[in-house]
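Working notes, structure below.
None of the figures in this text is laboratory data; all of them are computed from the coordinates on show. What you see is a predicted model; the values in this text were computed from it and never measured. Here the Cβ positions follow ideal geometry from the backbone for every residue, glycine too, while neighbour counts run over all protein chains shown.
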Amino acid sequence: MIARIKATSLPLCLLLILSTGCVPTSSQFVGKALAPDQPIIALQAGGPHADSWQNFDIRIDYQYQQAGDVFEISGVAALTPRYEVLYSQLRDLRVFLFLLDKDARVLQTQMLTRSLTGQLDDRLQFTHVYKLSPGTVSLTFGYDGSVWEAQDQTSFYLLPLRK
């Protein structure tokens, strides 16, 4: 009887530990501020409006349109070629949309796309429709990921981490 309790207790304990560490992506960054140098795009009504957002790690070509509180965005995200020089495989890449208030604080977070192939040259397409929170005036993008080659792994990210 004790062996049976121990056998069922361990998986339940592990499940409890794992589930308490999970935070839904949609609320994980709400209320946090962006880094001062993170580019912010002011929302415009109507559309479609098209542009590119790029930094050292990633490029996102996107277009959006807004009608009232309905916001539709589509596009393609890809790593910049710099990772192909030193690494052979993409371990993970998640691309986020952050919808912001007038003080550049996150009102909503949405994961736009995620790499599932492991290829460094993967082009991640996305199309989503969201209902905007009251007070949303701008947007930006963020990401987290990692690449590897043999025994070497590097992580990279651009996320709102300040309160």
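Considering only Thr117, Tyr143, Gln65, whose Cα is most displaced toward the positive end of the charge dipole of the stretch 25-158, charges sitting on Cβ of Lys, Arg (+1) and Asp, Glu (-1)?
It is Gln65.
Once the Cα gyration tensor of the stretch 25-158 is diagonalised, what are the square roots of 5 times its eigenvalues, in whole Å and ordered largest first, as equivalent ellipsoid semi-axes?
Here the semi-axes work out to 28, 15, 12 Å.
Taking 0.36 nm per intervening residue step and subtracting the Cα-Cα distance, what contour gain separates Thr127 from Thr154 on full extension?
6.9 nm
Please state the shape class of the stretch 95-163: rounded when a/c is under 1.5, otherwise prolate if a/b exceeds b/c and oblate if not, all from the C-alpha gyration tensor.
Oblate shape, in that a/c is at least 1.5 and b/c is the bigger or equal ratio.
What dipole magnitude, in Debye to the nearest 20, does the stretch 25-158 give about its Cα centre under +1 on Lys/Arg Cβ and -1 on Asp/Glu Cβ?
300
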